[in-house]
Amino acid sequence: MQIKLFCLSFLVLGLVACNNDDRSTSSGTSDSDIDAARNFIQAALVGDFETAKKFMVNDSLGHEDLNAIQRLNEKLTKEEKQKYQEASIRIHQNRQLNDSTSMVYYSNSYRNQTDSLKVIKTDGKWLVDFKNFFHKTDSLP
């Protein structure tokens, strides 16, 4: 009886944890600069550009760049899309520029190329400044 109760409690806790994570991701809120970058990258990797928009600064240049990436994504083969969706995110470095701006250097396990994102804190929220998305960096500073 105790084992069943323990297993049931563990299952409920697991479901609550998954639910909380989904709400955080779908709401577009991030607790930190790295969290904002990770949420944005993950949404882009799976091709969910509406969710990716929730994690970025709302400006016309950023939206144009994201729309261009979305058009490129539509031209990928089914196999390439699958590989991006299955890719894991690797954060290599987080460089704080000041208390409200940082550069996050990352790669994904499919492309395995280091890129960077500028993340800024505005109105108490960490958001990706997409104008700096997918810039190739040959070496980390």
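Odds and ends about this structure:
- In the condition set (1) touching a helix residue (DSSP H, G or I) at 6+ places or on another chain (Cβ under 9 Å); (2) at pLDDT 95 or above; (3) of a type in the set (Gly, Ala, Ser), SER116 is compliant with all but (2).
- Taking the range 91-125 as the range and being in a loop (DSSP other than H, G, I, E, B) and either β-branched (Val, Ile, Thr) or more than 10 Å from ASP33 (Cα to Cα) (or both) as the test, the residues that pass are ASP99, SER109, TYR110, ARG111, ASN112, GLN113, THR114, ASP123, GLY124.
- Verdict on GLY62 being of a type outside the set (A, V, I, L, M), assigned to a helix (DSSP H, G or I), at pLDDT 50 or above and open to solvent by less than 60 Å² (accessible area, probe 1.4 Å): yes
- Residues being open to solvent by less than 40 Å² (accessible area, probe 1.4 Å) and within 20 Å of ASN73 (Cβ to Cβ) - total across the range 96-115: 4
- Residue in the range 72-94 that is surrounded by fewer than 12 Cβ atoms within 10 Å (Cβ to Cβ), among the polar types (S, T, N, Q) and at pLDDT 95 or above present: yes
- Pick from the range 33-52, criterion in contact with a strand residue (DSSP E or B) (Cβ under 6 Å, 6 or more places away or on another chain) and more than 14 Å from SER88 (Cα to Cα), ranking: surrounded by the fewest Cβ atoms within 10 Å (Cβ to Cβ): ILE34
The values are calculated or read from the model by the stated rules, or taken from the named source; none is laboratory data. In this text, all values refer to a predicted model and were calculated from it rather than measured experimentally. Reconstructed Cβ throughout: ideal geometry from the backbone, glycine too, with neighbour counts over all protein chains shown. These accessible areas exclude ligands, DNA and RNA; they are computed on the full protein's heavy atoms, side chains included. Shrake-Rupley method; radii C 1.70, N 1.55, O 1.52, S 1.80 Å.
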